[in-house]
1. Of T34, F48, S15, which is farthest towards the positive pole of the chain's charge dipole, taken about the Cα centre with +1 and -1 on the beta-carbons of Lys, Arg and Asp, Glu respectively?
2. To the nearest 20 debye, what charge dipole does the stretch 24-77 have about its Cα centre, counting +1 at the Cβ of each Lys and Arg and -1 at the Cβ of each Asp and Glu?
3. Just to check, using Stokes-Einstein with a Kirkwood Rh over alpha carbon pairs, what's the diffusion coefficient of the stretch 17-86 at 25 °C and 0.890 mPa s in µm²/s?
Amino acid sequence: MTNARNKALYVGVTSDLIVRVYQHKTKAFPNSFTAKYNCHKIVYYESFHTIEEAITREKVIKDWKREWKDALVNAGNPEWRDLYDELE
């Protein structure tokens, strides 16, 4: 998740991506990082077979430098479009 100017980045894990992104967009949790920094665009996501795999990947990405995270988004979404309407 990122904000309108793509300055703040949020990395997280969920078992229901559509619902979780909607919660970020509507600031369902007003004290959260995404609400505070207006992170309402989903610009990148990955799917996994198990929650353990997802958590492991989340931890890896969270430890990355910002430039590596940007490169990951740029590889699949160079315009940093909001992918919400494309989620299934």
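1. Towards the positive end, the residue furthest out is T34.
2. Numbers: 10 positive and 7 negative charges, 73 e Å.
About 340 debye.
3. Calculated translational D: 184 µm²/s.
None of the figures in this text is laboratory data; all of them are computed from the coordinates on show. Model, not experiment: these values are computed from the prediction. As a convention, Cβ positions derive from the backbone with ideal geometry for all residues, glycine included, and neighbour counts pool all protein chains shown.
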